[in-house]
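In what follows, a single structure is set out as structure tokens and then discussed.
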Amino acid sequence: MRLLPRNPHLGWTPYAWLIYLPIFLFEPLNRRTSVLEWGLTLAAIALFLALYFVGHWVEGWRVALVAASIFAQGVGFAPWNSGASVFVIYASAFAGRLSPPRRATATIGAMIALTWIESWALSLAPGYWIAATVFSLIVGGVNIHFNEVGRTAARLRDSQAQVEQLIRIAERERIARDLHDLLGHTLSVIALKAELAGKLLATSPERAAAEIRDVERVTRDALREVRSAVAGYRSEGLPAELARARLALEAAGVRTEYLTMPLTLQPAAEAALALAVREAVTNLIRHAGAATCRITLERRGGSAVLEVADDGRGGAREGAGSGSATGLLAMRERLAGLGGQLEIRPAAGLAEGGRGTCLAVTLPIGVQPTLAVGSPAAAATASGEARGEGQGKARGEGQGEARGDGQGETRGEGDAEAGPEAVAAAAAAGAVPALDRRS
């Protein structure tokens, strides 16, 4: 049977505070005391100990009941034993645990006032009411302070737990957005290429086999990207994403125009723009039915502005489908976290009759330069050194090339192996136009 609750903040100190209890025995030991008085004294000590240990298990109004019971013992024995002031002090110690602090202060004050009234009415020894007053104020005040500190710490722990819960929720939402961005685009490309391979199987088995090889490559890239996302890494960067976008658009038969200029971006901003390109191109391929896509990246004032425009029927509109709406909502949330914004408006200069959609992303440029997007060095850096040995080579045996015929298919002649590093290398080599400054 435990006398005290398991409380690391309480520990063994309640046992130490019992050192003052023998004061109640000083007077009976120093004078002739009857057996009845000894019996009452020992019974009072036994009752006090029971109340004392119970008081450490209870909270709220029960603590006030324990304090009142101990105080009653002090008032009751004071006419015969001035050492009963220790009961008043212990009662004040328990009263200091009451909440809020003003209630504890009022209770201690009432106890001291009753002690004075009793001492005045019964002409008790000054040692009784002086000791009760001084030590009740000290012990009770200290307990009020430390109990309030403990309650504040408990509130902080609760707040911290709520913050951690919100962090976990935000992290789950971030993971959901990243998985949507990573897999939505890739699965769209896989479906497109698989459909194209099925159509080419009867008429051109070689081209169908090339498309199937592309499906295998894209699948492996998706697996690698998911693993990287789980490990906390991001994509190779904006140049590599622009190269992927070009390949995907050509495979879908969409002519691509690039009007871009060099920019210096922080990693978070570059990652956000890269994922915006991915989401916009994915929606365009899925829903727009466009023949032309124009991607523009430029600096306007202190912001980087990315625009993806098409001449289709509105593939980037938020009402285009649940998947599109989810992706655009995730994009808005990601950009808002970086101080950016997303705007969807009709495209100008690509189609007549109000057709076409332009998805515009505006993102403040950080003050610390990190990566000059669009330069060959940036593309090579983003790809993780596309030519490094032991980390995957982009090589072609025979004459491997990504070309578009009348329908814009991507095909390889010979045995071409094109991994994610090859995409970035293609960006550096010119598969993506070198981010020119045309206006």
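The values are calculated or read from the model by the stated rules, or taken from the named source; none is laboratory data. All values derive from a computational prediction rather than experimental measurement. We place every Cβ from the backbone using ideal geometry, glycine too, and count neighbours over all the protein chains shown.
Of the residues Glu250, Glu241, Glu195, Glu257, which is surrounded by fewer than 18 Cβ atoms within 10 Å (Cβ to Cβ) and in a helix (DSSP H, G or I)?
Glu195
Quick grid of which residues meet (1) assigned to a helix (DSSP H, G or I); (2) closer than 27 Å to Val75 by Cα:
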site	(1), (2)
Met111	yes, yes
Thr115	yes, yes
Ala121	yes, yes
Leu124	no, yes
Gly127	yes, yes
Ile130	yes, yes
Ser136	yes, yes
Ile144	yes, yes
Thr152	yes, no
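Looking at Arg97, Arg151, which one is surrounded by fewer than 19 Cβ atoms within 10 Å (Cβ to Cβ), among the charged types (D, E, K, R) and outside the structural domain of Leu338 (by TED's automatic domain parsing)? Working first, answer last.
On the way: Arg97 fails: surrounded by fewer than 19 Cβ atoms within 10 Å (Cβ to Cβ).
One residue alone meets the criteria, Arg151.
Restricting the search to the range 40-69, which residues are part of a helix (DSSP H, G or I) and on the phi > 0 side of the Ramachandran plot?
Those that are part of a helix (DSSP H, G or I) and on the phi > 0 side of the Ramachandran plot: none in the range 40-69.
Give the range 11-39 a look and list any residue that's in a loop (DSSP other than H, G, I, E, B) and exposed (fewer than 12 other Cβ atoms within 10 Å of the Cβ), or say none.
Across the range 11-39, the qualifying residues are Gly11, Trp12, Arg31, Arg32, Ser34.
Here are Gly184, Gly150, Gly141: which of them is in contact with a helix residue (DSSP H, G or I) (Cβ under 6 Å, 6 or more places away or on another chain) and at negative phi?
Testing whether each residue is in contact with a helix residue (DSSP H, G or I) (Cβ under 6 Å, 6 or more places away or on another chain) and at negative phi leaves just Gly184.
Given the structure, is Ser119 loosely packed, with under 10 Cβ neighbours inside 10 Å and among the hydroxyl-bearing types (Ser, Thr, Tyr)? Break it down stepwise before answering.
On the way: loosely packed, with under 10 Cβ neighbours inside 10 Å: no; among the hydroxyl-bearing types (Ser, Thr, Tyr): yes.
So Ser119 does not fit the description; no.
Within the range 245-261, can one find any residue that is out of contact with any helix residue (DSSP H, G or I) (no Cβ under 7 Å at 6 or more places or on another chain), of a type in the set (Lys, Arg) and assigned by TED's automatic domain parsing to the domain that holds Gln341?
Yes.
Mind listing just one residue for me: the one in the range 183-192 that is free of Cβ contacts under 8 Å to residues at least 60 places away in the same chain and not polar (S, T, N, Q) and, of those, surrounded by the most Cβ atoms within 10 Å (Cβ to Cβ)?
Only one residue fits best here, namely Ile190.
For residues in the range 293-332 being assigned to a loop (DSSP other than H, G, I, E, B) and more than 21 Å from His180 (Cβ to Cβ), which is modelled with the lowest pLDDT? Steps first, answer last, please.
Residues of the range 293-332 assigned to a loop (DSSP other than H, G, I, E, B): 301-302, 311-321.
Subsequent filtering for residues that are more than 21 Å from His180 (Cβ to Cβ) retains 301-302, 311-313.
Values: Gly301: 84, Gly302: 84, Asp311: 85, Gly312: 82, Arg313: 77.
Here the answer is Arg313.
Is it fair to say Phe71 is assigned by TED's automatic domain parsing to the domain that holds Arg151 and at pLDDT below 95? Full working, then the answer.
Values: assigned by TED's automatic domain parsing to the domain that holds Arg151: yes; at pLDDT below 95: no.
No; evaluated as a whole, the condition is false for this residue.
So for the range 212-229 (the condition being among the small types (Gly, Ala, Ser), outside the structural domain of Ala336 (by TED's automatic domain parsing), surrounded by fewer than 17 Cβ atoms within 10 Å (Cβ to Cβ) and out of contact with any strand residue (DSSP E or B) (no Cβ under 8 Å at 6 or more places or on another chain)), does at least one residue qualify? Write out each step before concluding.
Step one: filter the range 212-229 for residues among the small types (Gly, Ala, Ser), giving 222, 228-229.
Still in the running and outside the structural domain of Ala336 (by TED's automatic domain parsing): 222, 228-229.
Now restrict to residues that are surrounded by fewer than 17 Cβ atoms within 10 Å (Cβ to Cβ): 228.
Within this subset, residues satisfying the condition of being out of contact with any strand residue (DSSP E or B) (no Cβ under 8 Å at 6 or more places or on another chain) are 228.
There is at least one residue in the range 212-229 that is among the small types (Gly, Ala, Ser), outside the structural domain of Ala336 (by TED's automatic domain parsing), surrounded by fewer than 17 Cβ atoms within 10 Å (Cβ to Cβ) and out of contact with any strand residue (DSSP E or B) (no Cβ under 8 Å at 6 or more places or on another chain).
Whether any residue in the range 158-172 is in a helix (DSSP H, G or I), of a type outside the set (Ser, Thr, Tyr) and closer than 30 Å to Ala78 by Cα is what I want to check.
no
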